[in-house]
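S.K.: Dropping a structure here in structure tokens format, bear with me for questions.
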Amino acid sequence: MDASVLSGELAAQARLEDVNFYLGDPYPIYARLRQEAPVYWCETGNFWALTKYEDIAFISRSPELVSDQQRLRLTHIEAIEIGQRARQRSSQP
């Protein structure tokens, strides 16, 4: 895993700490992150983010490497709202 600290345009677009980022179309940004910064420090959210499946799978099998205090957590209401909006988008023609 290569670690990066994002800056500039990609850092401004990859607002992983902002619930509104997920209400738009995050997939083009995810693709750029996988290519340009597969493991990076999200300065505004104060957490590390992984963007490749293999890295996420590795970390999920190694919970001792992850601090619960550094994980991004959505409130229950925000999670419900994101799910509802995602279902609305997917049901549109």
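S.K.: Give the residue that is nearest to the chain's Cα centre (by Cα), with candidates limited to residues of the range 4-55 that are open to solvent by less than 50 Å² (accessible area, probe 1.4 Å) and β-branched (Val, Ile, Thr).
M.R.: Among those residues, the one meeting the criterion is THR51.
S.K.: Here is a follow-up. State which residue is modelled with the highest pLDDT when the search covers only the range 9-55 and only residues that are among the small types (Gly, Ala, Ser) and out of contact with any helix residue (DSSP H, G or I) (no Cβ under 8 Å at 6 or more places or on another chain).
M.R.: Keep residues of the range 9-55 that are among the small types (Gly, Ala, Ser), which gives 11-12, 14, 24, 31, 37, 45, 49.
Now drop any that are not out of contact with any helix residue (DSSP H, G or I) (no Cβ under 8 Å at 6 or more places or on another chain), which leaves 11-12, 24, 31, 45.
Details: ALA11: 85, ALA12: 88, GLY24: 88, ALA31: 93, GLY45: 81.
Among residues in the range 9-55 that are among the small types (Gly, Ala, Ser) and out of contact with any helix residue (DSSP H, G or I) (no Cβ under 8 Å at 6 or more places or on another chain), the one modelled with the highest pLDDT is ALA31.
S.K.: Okay, next question. Find all pairs meeting these conditions: Cβ atoms under 9 angstrom apart; at least six residues apart or on different chains; first residue within the range 14-29 and in contact (Cβ under 8 Å) with a residue 60 or more places away in the chain; second residue part of a loop (DSSP other than H, G, I, E, B) and of a type outside the set (Lys, Arg).
M.R.: VAL19/LEU74; VAL19/THR75; TYR22/LEU16; TYR22/LEU74
S.K.: Could you grab me the full set of residues in the range 21-45 that are of a type in the set (Lys, Arg) and under 17 Å from GLY8 (Cβ atoms)? Break it down into steps so the answer makes sense when it comes.
M.R.: Looking only at the range 21-45, we keep the residues that are of a type in the set (Lys, Arg), and these are 32, 34.
Correct list: ARG32 only.
The values are calculated or read from the model by the stated rules, or taken from the named source; none is laboratory data. Just so you know, these numbers come straight off a predicted model, no measurement behind them. A quick note on method: Cβ atoms are made from the backbone with ideal geometry, for glycine too, and the neighbour counts reach across all protein chains shown. For the accessible areas, the whole protein counts, side chains as well, though only heavy atoms, and no ligand, DNA or RNA atoms are used. Shrake-Rupley method; radii C 1.70, N 1.55, O 1.52, S 1.80 Å.
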